[in-house]
Amino acid sequence: MLYLYQTFISAFFSGSLNLISFSKRSLGGGSNSLLTRILSLLFLTIVCVLCLNCQVVLAHRPHDVVTRVELSPTFSQDQTLYIIVRNNLFKSVNRGDSWARLTNGLDTHGELQSLAISNSDKKILFISARESGIYRTEDAGSSWIQSNSGLADLNVHLVVISPQSSTTVFAATATKGLYKTDDGVSWYQTIPDVKITAVAFSSDSQTVLASDELGNFYRSENLGDTWTKIATLQRVGSIRAIVLEPDFSDSQTAFVATEKDGVYLTQDGAYSFQPVNQGLSDRRIMDLLTVSDKDNYTVLASTWNDGYWKYNSDRRTWIQSSKGLSRDKMGDELKLPHFEDLEISDAFATDGIAFLGGFDGLFRTEDSGSDWIELETLSTATIIDLEISLDYKNDATLAVASYVGGLYISEDGGTTLTPINQNLFLQRFISSSSRDDEEAQDPRRFFDLAFSPSYSSDHSLFATILWSRFLRSTNNGRDWSIIQLPREVRGLTMAISPNFAVDKTIYISTQGGFVFRSTNSGRTFKEVSKVDSQINNNSPSLVLSPTFTVDKTLFATGGKGIYKSVDRGENWQLLTEGKIQAGSNIQLAISPNYPEDKALVVSTSNGLFLTHDDGRTWQEIVDPALGEEPFIEGVAISPDYVNDKTFLVSVRGRGLLRTVDQGQSFQPLGNQFLSLSKVHNIPSAGYAVQFSPNYAVDRTLFGFGSATSEIFKSTDGGNTWDIISVQRNETGQPNFIQSVKLSLALHYRKLVKGLLVATLAGGIAYLLLRSVRRRKISFLRDEG
């Protein structure tokens with residue numbers, strides 16, 4: 001097809017020039033003839049339209065929701081900060097210019113909710129998660145231990161550390177009130193059965209203030225051991241933050257952020273309040289800070305929609321300063337705040353550095369908020385899938401896909417990775433898209449990647465993106481064709497027939513449960529069936545029997561667990577109930593000896609499961625090494641499973657574990673600080689750990705899971721790992737010739753119609769002009 005387009009454009013250019021030349025000769029008029037001008041103008045107009053049609057600029061990449069930000073108390077020296085982004089904990093030691101993912105010990109099940117760093121010891125942090133309670137680190141996030149002793153409710157939404165002591169900490173729960181620890185380990189209740197939403201310590205006394213979701217205020221004079229309810233702010237919603245002045249014990253001055261009615265000031269220790277909202281157009285306060293400079297103070301706030309505000313204490317008015325901050329319309333659709341956590345450098349008065357997290361990402365200012373820039377957090381170069389050629393023994397080939405826009409291939413076992421996204425121009429995706437939000441987001445969000453089982457002979461490589469499109473290459477990824485599926489669907493997971501060289505069969509399952517099949521190597525797809533939709537944003541998993549041609553068997557995941565088909569995907573039977581059905585993030589691994597052992601290994605958020613009878617019964621695998629109620633993030637089964645009985649599991653917070661006895665026992669494998677699991681909330685079908693097809697001989701494994709653009713390789717069965725950097729590459733704008741060819745490809749039918757009309761019009765004009773010329777010559781002859 002590409003050759004046809006190239007031929008067409010060549011013919012178009014030469015044909016147009018020949019027509020112009022012919023017109024000159026026929027009319028005898030030279031370069032100033034009217035027809036020449038008409039045809040030249042027509043030609044230039046078409047070319048300009050073609051080129052302009054190819055210039056597409058996106059306003060923004062996929063949004064990265066940053067809900068919490070914490071800066072080191074010595075940020076001006078160590079440049080360290082932590083963020084929670086899409087339920088991932090990231091750390092930066094260079095002011096947010098690059099990030100590391102922190103996972104060791106964080107075996108959480110629910111959403112990360114609160115993050116706090118000690119002012120007295122910057123290596124101590126606390127983090128909380130829904131359903132999993134509180135975790136504590138004493139090594140700046142390298143490792144975490146659970147700290148829930150005494151808590152009656154593990155849904156902890158707020159953790160606050162005393163500025164004087166890293167062991168005095170408060171934790172606010174959803175239903176059981178406020179808890180305190182004096183040693184960082186054991187907790188006891190201090191305010192019962194109230195949902196506390198803000199806590200503030202006095203820096204020069206033992207006074208602590210707290211408030212709840214109903215606007216009530218509580219005061220303690222003994223570091224929170226006992227409390228007195230002292231006041232209520234009516235009709236303001238919950239209290240979002242309390243900020244005490246440094247001399248609170250003398251001035252009794254504090255500022256209060258409310259959910260619905262802006263900022264209030266108290267000058268009597270929270271017994272009475274007065275609003276300070278002059279100039280504040282958005283009164284949905286999300287965070288509040290004060291900056292003291294000698295005798296003056298500055299109040300800073302973040303608001304739901306408008307971002308960053310400063311309070312001028314001399315003029316007693318608020319001034320918005322949000323240049324460079326951005327919003328995403330999806331925030332409004334989901335009714336989520338555009339801006340949340342605001343944090344400032346310990347030297348803010350001199351360096352002007354602050355950070356603001358929000359729905360659209362993380363922003364930084366270096367001039368006290370006059371100008372903001374967005375920082376990349378979840379990198380578009382984050383690896384989301386890695387696949388290995390079945391002929392790896394001979395071709396040493398693997399392919400890698402990134403979060404947005406990047407595809408790479410290596411033919412030397414990962415030593416060098418070459419981009420293979422050269423012709424995946426953005427225009428090819430935008431033009432065929434029916435989704436409105438892709439005007440603001442790059443649609444090239446890769447979801448799955450696969451080699452043809454007969455890659456060594458057919459050189460075919462396949463990929464899918466998040467929405468509705470299948471990509472196909474038959475020349476090792478140098479060129480790609482894009483196939484639109486029959487309906488708009490999300491989350492495309494592929495499975496390819498082991499006998500692909502003969503049956504040309506490819507399956508695609510989706511988050512909505514729709515199953516598609518191609519029997520012509522992916523040129524076209526047909527919808528064949530449907531299973532229950534995935535829950536939330538879970539990615540589907542799909543595997544085929546190694547003897548699919550004979551037994552016609554597939555396994556898929558859906559909203560109720562695991563499904564089986566024995567008629568090539570036409571009909572499905574639900575195999576699971578109980579813990580598997582209630583779980584999420586399900587991944588399937590099928591035994592290479594499935595025809596004999598009928599074995600599948602299944603990883604879920606509710607644990608690890610194994611069947612040896614084709615899914616009729618399931619055994620939950622329990623082992624101390626996996627932990628209690630483990631969240632199994634991924635699974636991979638050895639291609640030599642019939643002999644080595646080996647499979648690997650990635651356990652949230654515990655890393656990679658290996659069994660060599662079909663799950664009877666497990667041992668930790670490799671570096672515990674290495675994240676070999678998919679980055680949370682970046683949907684993809686990728687398996688974060690994969691065996692070389694020649695594993696029995698080469699002992700090679702590959703994996704991914706870093707916050708940066710890199711993959712991991714082991715050649716000793718996973719005991720040690722090498723890090724392979726993937727050089728970031730993005731497909732740029734097409735050049736002039738590429739733009740013309742691309743527009744011809746995208747608008748072929750319209751262009752042909754246009755050229756036919758233009759040719760007809762030109763022919764008519766030519767005949768009319770020729771007739772006029774003949775009459776003119778005849779007239780001159782008659783006059784002569």
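Taken together, the values in this text are just the output of simple stated rules run on the coordinates, not laboratory data. In this text the structure is predicted, and so the values were computed from the model without any measurement. Here the Cβ is made from the backbone with ideal geometry for all residues, glycine too, and neighbour counts use every protein chain on show.
With a cut-off of 13 Å between beta carbons, the residues surrounding residue 103 carry a summed charge of +3, where Lys and Arg count +1 and Asp and Glu -1.
Could you tell me whether region 383-725 comes out rounded, prolate or oblate from its Cα gyration tensor? Rule is a ≥ b ≥ c as square roots of the eigenvalues, rounded for a/c under 1.5, then prolate if a/b exceeds b/c, otherwise oblate. Since a/c stays below 1.5, the shape of region 383-725 is classed as rounded. Would you work out if region 236-389 is rounded, prolate or oblate? Take a ≥ b ≥ c from the square roots of the eigenvalues of the alpha-carbon gyration tensor; rounded if a/c is under 1.5, else prolate when a/b is larger than b/c, oblate otherwise. In terms of gyration-tensor shape, prolate. Based on C-alpha pairs under 8 angstrom that are at least 6 apart in sequence, the chain has a relative contact order of 9 percent. Electrostatic bookkeeping for residue 569 treats Lys and Arg as +1 and Asp and Glu as -1; over the other residues with beta carbon under 12 Å from its beta carbon, the sum is +3. Each other residue within a Cβ distance under 14 Å of residue 529 adds +1 if Lys or Arg and -1 if Asp or Glu, for a net charge of +3. Spin-label model, residue 234 to residue 697: label points 7 Å out along the Cα-to-beta-carbon direction sit 8.3 nm apart. Placing a label point 7 Å from the Cα of residue 206 along the Cα-to-Cβ direction, the residues of region 253-284 with a backbone N closer than 20 Å are 269-270. Of the residues 190, 155, 632, the one whose Cα sits farthest towards the positive end of the charge dipole of the chain is 632 (charges of +1 on Lys and Arg Cβ, -1 on Asp and Glu Cβ, taken about the Cα centre).
Helices of the chain meeting both criteria, an alpha-carbon length of 18 angstrom or more along the long axis and an average Kyte-Doolittle score not below -1.0, with helices taken as full DSSP H segments, are 2-27, 34-52, 748-783.
Compared with the alpha-carbon gap, the fully stretched path from residue 520 to residue 456 is longer by 21.2 nm at 0.36 nm per residue.
With the helix formula -39500 (n - 2.57) applied to DSSP H stretches of n ≥ 4, the chain reaches a computed 222 nm mean residue ellipticity of -5000 deg cm²/dmol.
For residue 175 and residue 487, FRET efficiency with R0 = 56 Å and r from the beta-carbon atoms, rounded to 0.05? It comes to 0.85. Peptides 474-484, 214-224 ranked from most to least packed give 214-224, 474-484, packing being the mean of other C-beta atoms within 10 angstrom over each peptide's residues.
For residue 725 and residue 214, the difference between the fully extended length at 0.36 nm per residue and the C-alpha to C-alpha distance is 178.9 nm.
When the Cα convex hull of region 462-559 is projected onto planes of every orientation, the mean area is 6.0 nm².
Each label point was placed 7 Å from the Cα along the Cα-to-Cβ direction; for residue 265 and residue 597 their separation is 7.3 nm. Grouping the Cα pair distances of the chain into 10 Å bins from zero gives a pair-distance distribution of 2, 12, 20, 20, 16, 13, 8, 4, 2, 1, 0, 0, 0 percent in increasing distance order. Rounded to the nearest 0.05, the FRET efficiency derived from the C-beta distance between residue 623 and residue 123 at R0 = 25 Å is 0.20.
Listed peptides 203-209, 693-699 appear in the order 203-209, 693-699 once ranked by packing, highest mean of other Cβ atoms within 10 Å at the front. Between residue 335 and residue 305, the contour length at 0.36 nm per residue exceeds the Cα-Cα span by 9.7 nm.
Using a cut-off of 20 Å between Cα atoms, the listed pairs 530/552; 91/310; 393/713; 195/310; 123/678 include 91/310; 195/310; 123/678 as exceeding that distance. Can you tell me the FRET efficiency between residue 139 and residue 297 if r is taken as the Cβ-Cβ distance and R0 is 45 Å, rounded to the nearest 0.05? Efficiency for this residue pair is about 0.80.
How large is the Kirkwood hydrodynamic radius of region 344-403, counting all unique pairs of alpha carbons, in Å? Taking every pair of different Cα atoms in region 344-403, averaging 1/r and inverting gives 14.7 Å. Here the label points at residue 567 and residue 415, each 7 Å from Cα along the C-beta direction, are separated by 5.2 nm in the simple model.
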